[in-house]
Structures are given as structure tokens and as C-alpha cells.
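Heads up, the thing below is written out as C-alpha cells.
Every number in this text was worked out from the coordinates using simple rules, so none of it is lab data. Keep in mind it's a predicted model, so treat the numbers as computed, not measured. Because the Cβ atoms are built from the backbone with ideal geometry, glycine has one as well, and the counts that use them run over all protein chains shown.
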Amino acid sequence: EIACFFQVDDFLVRESLNGALHLTREECRSQYEFLIKKGVESGTSVVLKNEHGSIIGFRLSSFIDRPKDGDKNEVEDVKFTPRADLIEDLLKKLNEGQWDRIPVEVNRIFLIIVLSVHSEYTRRGLAKILLEFEMNKMAEQGATAIIAEAAALKSQMVHFEIGIS
């Protein structure tokens with residue numbers, strides 16, 4: 001619940017797709033709750049708190065496994081509000097045929113769903129810390145590649161800085 005408030009209050013106003021679509025808190029709340037649930041269930045997500053216990057940043061992440069022969073890559077068909085669905089539809093379109101573009105030896109991917117640092121705590125290297133935190137454990141769990149759904153320009157720059165392109 002707290003992470004959702006943080007994401008709605010901070011990430012909503014700074015993420016370029018949200019701004020371009022003029023999404024409101026109400027319109028994106030169910031989408032953010034879904035993303036947070038997905039990230040928490042994976043056990044790979046990280047929350048960063050300040051000395052007062054308030055969330056100041058987080059990485060929502062998960063794994064994607066290559067479908068076995070004959071299996072389809074199951075994509076949850078979740079409906080949100082019409083404008084929030086535009087973002088979801090864009091991401092689905094970008095992910096179509098993703099396994100055709102990934103080397104055949106890669107069978108498990110570590111997916112960074114959202115990386116966000118509160119605007120009052122930016123420019124301190126916290127996004128990089130969140131990205132790199134326990135990255136070696138992802139390899140131990142079989143991930144041989146990393147993909148980021150980085151639509152925000154600042155997130156793209158941090159990903160590139162540590163070698164995720």
C-alpha cells in the first residue's frame with residue numbers, strides 16, 4: 001500500500017508516458033497495484049527507505065522464462081482504465097516476439113519493471129544502488145540476461161551506465 005502511494009504520488013508525475021497521457025492518480029492506481037504485486041511476488045524487488053522509514057525508492061522486478069517448445073508466452077490480459085491501457089498495450093506490442101530477438105542460449109531473463117527514486121533523493125546514486133543490489137543472486141537463480149521496461153529517460157541513462165542497454 002505504501003509503495004503504491006509513493007509510486008502514484010512521485011512516479012506518476014515524473015514518468016514521460018504518464019505525463020503525455022495526462023494520467024490521473026485514479027486512472028493509474030490499479031495498474032500500479034498490479035505492477036507492485038507482480039514485483040513483490042517474485043521476491044526480487046527492493047525498497048529503499050530513509051532514516052524515518054519512508055520509502056524513497058524502489059526496484060520492481062521479476063523473472064521471465066523462455067516458453068518451452070509449443071508453449072505460448074503467457075501474458076496476463078489485465079484491463080485498466082482506457083488511458084492506462086494505452087501504456088499496457090504499448091508494452092505488450094514492444095514485447096511481441098521478444099524471444100525471437102534474444103539469443104537461444106538465454107532461457108531466463110531478469111526483468112526490471114520499474115525503477116524509481118523519489119524526486120527529493122535523486123542525483124545521489126540511489127537508482128544505481130537499487131539496480132545493482134543483489135544482481136549476483138539473479139544469476140544464481142538462472143537469469144542470463146536483463147531487460148528493463150525503461151520508458152523514462154533518466155531510468156534509461158542509469159541502465160546504460162551500468163551496462164543494461
- line: So the FRET efficiency between residue 40 and residue 105, C-beta based with R0 = 35 Å and rounded to 0.05, is 0.75
message: Given points 7 Å out from each Cα along the Cα-Cβ axis, report the residue 120 to residue 49 separation in nanometres with one decimal.
response: 1.6 nm
- line: Output for the range 22-127 (equivalent-ellipsoid semi-axes, sqrt of 5λ from the C-alpha gyration tensor, Å, descending) is 28, 19, 12
query: How much length, in nm to one decimal, is gained on full extension between residue 157 and residue 144, taken as 0.36 nm per residue of separation minus their Cα-Cα distance?
result: 2.5 nm
- prompt: What full-extension length gain, to one decimal in nm, is calculated for residue 63 and residue 89 as 0.36 nm per residue of separation minus the Cα-Cα distance?
  reply: 7.4 nm
- prompt: Taking the Cβ of residue 44 as the center, what net charge do the other residues with Cβ under 10 Å away carry, scoring Lys and Arg +1 and Asp and Glu -1?
  reply: 0
- prompt: Once label points are set 7 Å from the Cα along Cα→Cβ at both residue 22 and residue 98, what is their separation, rounded to one decimal in nm?
  reply: 3.1 nm
